[in-house]
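A.B. asks: Pasting in a structure now, in structure tokens, and then I'll have a few things to ask.
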């Protein structure tokens, strides 16, 4: 019960503190980070939604085609990818007069992906026909959004693949996405009138 209350409080924290998000230098300073960013992925059909939480931190979720490759084999199909991102170079990019809008920066992220059996296209992993596969690991990513809204995201990482009905194992994660950001982006300095 105590864990559920803590999770509920953490889930409501961004809603409760919305008024503080506008303050520069406050605990919820989003000077560089977009509060909401929705992207349509063009190479791998799907979409990505990213929510700015705190200074330099966001969570994102993605639904699209992906491949899992680990010790036991590969799985290809529709997957749900989730990230908790920490952008580490917004201040440096701003000092160098480089773009930070559209969450253009480099980040480290805790990563999770779920490959659903019902949405699988192909696999060579031996086991029952009806299995899910989860990925849990860390990635390093680079994301850039350009003036017209085009965006690319490249991630490299490694982690543990947990099988539901199939063997577990370790493996890499490589992700490349190219798309278009459908939401309005911040100007160079959102606090100047």
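A.B. asks: Mind listing whichever residues of region 112-126 are surrounded by 14 or more Cβ atoms within 10 Å (Cβ to Cβ) and more than 15 Å from residue 64 (Cα to Cα)?
C.D. replies: Those that are surrounded by 14 or more Cβ atoms within 10 Å (Cβ to Cβ) and more than 15 Å from residue 64 (Cα to Cα): 123, 125.
A.B. asks: Let me ask something additional. How about region 95-107: which of its residues are surrounded by 13 or more Cβ atoms within 10 Å (Cβ to Cβ) and over 20 Å from residue 38 (Cα atoms)?
C.D. replies: Of region 95-107, the ones surrounded by 13 or more Cβ atoms within 10 Å (Cβ to Cβ) are 98-107.
98, the sole residue that qualifies.
A.B. asks: Quick one: is residue 84 farther than 22 Å from residue 54 by Cα, free of Cβ contacts under 8 Å to residues at least 60 places away in the same chain and either crowded, with 20+ Cβ neighbours inside 10 Å or under 15 Å from the mean Cα position of the chain (by Cα) (or both)? Full working, then the answer.
C.D. replies: Working: farther than 22 Å from residue 54 by Cα: no; free of Cβ contacts under 8 Å to residues at least 60 places away in the same chain: yes; either crowded, with 20+ Cβ neighbours inside 10 Å or under 15 Å from the mean Cα position of the chain (by Cα) (or both): yes.
The answer is no for residue 84.
A.B. asks: So residue 129 passes all but one of these: (1) within 15 Å of residue 107 (Cα to Cα); (2) exposed (fewer than 15 other Cβ atoms within 10 Å of the Cβ). Which condition number does it fail?
C.D. replies: Result: residue 129 passes all but (1).
A.B. asks: To continue, here is another question. Can you say whether residue 152 is in contact (Cβ under 8 Å) with a residue 24 or more places away in the chain, in a strand (DSSP E or B), surrounded by fewer than 17 Cβ atoms within 10 Å (Cβ to Cβ) and under 21 Å from the mean Cα position of the chain (by Cα), as far as the supplied structure shows? Talk me through it step by step, then tell me what you get.
C.D. replies: On the way: in contact (Cβ under 8 Å) with a residue 24 or more places away in the chain: yes; in a strand (DSSP E or B): yes; surrounded by fewer than 17 Cβ atoms within 10 Å (Cβ to Cβ): yes; under 21 Å from the mean Cα position of the chain (by Cα): yes.
The answer is yes for residue 152.
A.B. asks: I'd like the full set of residues that are under 11 Å from residue 133 (Cα atoms) and buried (at least 18 other Cβ atoms within 10 Å of the Cβ), limited to region 53-76.
C.D. replies: Answer for region 53-76, where residues must be under 11 Å from residue 133 (Cα atoms) and buried (at least 18 other Cβ atoms within 10 Å of the Cβ): 68, 70, 75.
A.B. asks: Determine which member of the set 163, 171 is farther than 22 Å from residue 59 by Cβ, at pLDDT 90 or above and either assigned to a strand (DSSP E or B) or within 19 Å of the chain's Cα centre (by Cα) (or both). Explain how you work it out, then say what you get.
C.D. replies: Values: 163 fails: at pLDDT 90 or above.
Testing whether each residue is farther than 22 Å from residue 59 by Cβ, at pLDDT 90 or above and either assigned to a strand (DSSP E or B) or within 19 Å of the chain's Cα centre (by Cα) (or both) leaves just 171.
The values are calculated or read from the model by the stated rules, or taken from the named source; none is laboratory data. Since we're looking at a predicted model, the values are computed, not measured. Note: ideal-geometry Cβ built from the backbone for every residue, glycine included; neighbour counts use all protein chains shown.
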